[in-house]
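Note sheet for the following structure.
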Amino acid sequence: MSFKSYMDEALAEARAAQDRGEVPVGAVIVGPDGIIARSGNRTRELNDPTAHAEILAIRGACQALGQERLSGFDLYVTLEPCPMCAAAISHARIARLYYGAGDPKSGGVAQGAKVFSHPQCHHAPEIYDGIAADASEELLKAFFAQRR
């Protein structure tokens with residue numbers, strides 16, 4: 001069985017978020033049969049500070065499967081998850097987390113809170129960082145440069 005990255009699909013979701021005026025972050029959840037959920041940030045559109053790409057993708061996957069756990073599923077996201085999203089990833093029991101750009105300001109995986117390192121964390125996924133990091137960083141830098 002060979003590895004297939006789904007980061008291009010996550011990047012497509014990030015671009016769609018950018019087109020909606022959202023911070024360009026995209027996420028997809030993948031199971032044995034391929035993508036089961038995808039989303040980009042929708043915090044402004046939904047007036048919901050929790051409407052991060054990861055949270056929306058987790059909600060979509062759980063709804064599609066009719067269950068609250070995603071054991072055996074992978075999450076691809078273009079930016080290092082924040083502490084809120086990292087906690088949701090843990091609670092959902094995501095098996096593997098693949099992310100693009102690191103987030104020194106708001107990250108919760110390799111930086112900042114390091115949610116998966118805490119003794120209170122009941123589940124930590126396998127983590128693979130730096131997947132398409134350059135493309136993810138370019139999207140974010142261009143987005144914020146336009147707003148400054």
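From E54, E68, grab the single residue that is crowded, with 24+ Cβ neighbours inside 10 Å and acidic (D, E).
E54
Would you be able to say whether some residue in the stretch 2-11 is assigned to a strand (DSSP E or B), open to solvent by less than 70 Å² (accessible area, probe 1.4 Å) and modelled with pLDDT of 95 or more?
Within the stretch 2-11 (the criterion being assigned to a strand (DSSP E or B), open to solvent by less than 70 Å² (accessible area, probe 1.4 Å) and modelled with pLDDT of 95 or more), the answer is no, since none of the residues qualifies.
I'm told R15 meets every condition in (1) under 21 Å from A142 (Cβ atoms); (2) not in a helix (DSSP H, G or I) except one. Can you identify the failing condition by its number?
The one condition R15 does not meet is (2).
Would you confirm whether any residue within the stretch 65-80 is modelled with pLDDT of 95 or more, out of contact with any strand residue (DSSP E or B) (no Cβ under 7 Å at 6 or more places or on another chain) and of a type in the set (D, E)?
Yes, some residue in the stretch 65-80 is modelled with pLDDT of 95 or more, out of contact with any strand residue (DSSP E or B) (no Cβ under 7 Å at 6 or more places or on another chain) and of a type in the set (D, E).
Confirm whether G112 is farther than 18 Å from K141 by Cα, over 14 Å from the mean Cα position of the chain (by Cα) and at pLDDT below 95.
So G112 passes the test.
So if I check each of I29, I94, I58, I35, which one is assigned to a helix (DSSP H, G or I) and either over 18 Å from D134 (Cα atoms) or polar (S, T, N, Q) (or both)?
I58
Are any of the residues in the stretch 47-59 among the basic types (K, R) and in contact (Cβ under 8 Å) with a residue 40 or more places away in the chain?
Scanning the stretch 47-59 turns up no residue that is among the basic types (K, R) and in contact (Cβ under 8 Å) with a residue 40 or more places away in the chain.
Against the condition in a helix (DSSP H, G or I), within 12 Å of the chain's Cα centre (by Cα) and either surrounded by fewer than 24 Cβ atoms within 10 Å (Cβ to Cβ) or not basic (K, R) (or both), how does E45 come out, does it pass?
no
Is it the case that the stretch 104-123 has a residue that's part of a helix (DSSP H, G or I), among the hydrophobic types (A, V, I, L, M, F, W, C) and within 17 Å of A10 (Cα to Cα)?
Checked the stretch 104-123: no residue is part of a helix (DSSP H, G or I), among the hydrophobic types (A, V, I, L, M, F, W, C) and within 17 Å of A10 (Cα to Cα).
The values are calculated or read from the model by the stated rules, or taken from the named source; none is laboratory data. These figures come from a predicted structure and were not determined experimentally. All Cβ positions, even for glycine, are placed from backbone atoms using ideal geometry, and neighbour counts span all protein chains on display. Side chains are part of the model used for accessible areas, which takes the heavy atoms of the whole protein and leaves out ligands, DNA and RNA. Shrake-Rupley method; radii C 1.70, N 1.55, O 1.52, S 1.80 Å.
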